[in-house]
Amino acid sequence: MIHFVGAGSGAVDLITIRGAELLKEADLIIYAGSLVNPALLDYAKDSCEIYDSAKMTLDEVLEKMFEAEKEGKMTVRLHTGDSSI
């Protein structure tokens, strides 16, 4: 399953409860490193794979997401702001 999570304003204490829970459960997190507060990654479990999409091509991002999906892993794509806008 792939979840798109908005990091809100970027303050760690302002992420939604659901967003924080998804980060805690994720097997793979791909975040926009040039925009997202890296302190939000502290929610991730030790075994979580974490990638900074600012250093990746779109094809590389998609490849990681598709691989994780095939393996039944839970992915969070962490963006700035509200991901529904």
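The values are calculated or read from the model by the stated rules, or taken from the named source; none is laboratory data. Quick caveat: nothing in here was measured; it's all calculated off a predicted structure. Cβ atoms come from the backbone with ideal geometry, glycine included; neighbour counts cover every protein chain shown.
Observations on the model:
- Just so you know, in region 49-83 the residues that are among the polar types (S, T, N, Q) and in contact with a strand residue (DSSP E or B) (Cβ under 9 Å, 6 or more places away or on another chain) include one that is modelled with the lowest pLDDT, and it is 83.
- Here residue 54 passes the criteria (1) surrounded by 13 or more Cβ atoms within 10 Å (Cβ to Cβ); (2) touching a Ser or Thr at 6+ places or on another chain (Cβ under 8 Å) except the one numbered (1).
- Test: residue 36 is surrounded by 11 or more Cβ atoms within 10 Å (Cβ to Cβ), outside any loop (DSSP other than H, G, I, E, B), of a type in the set (Val, Ile, Thr) and within 11 Å of the chain's Cα centre (by Cα): no
- Of all residues in region 1-33, those satisfying the criterion of being part of a loop (DSSP other than H, G, I, E, B) and either within 13 Å of residue 77 (Cα to Cα) or at pLDDT 90 or above (or both) are 1, 7, 26, 27, 32, 33.
- Of everything listed in (1) part of a loop (DSSP other than H, G, I, E, B); (2) surrounded by fewer than 18 Cβ atoms within 10 Å (Cβ to Cβ), the single unmet condition for residue 67 is (1).
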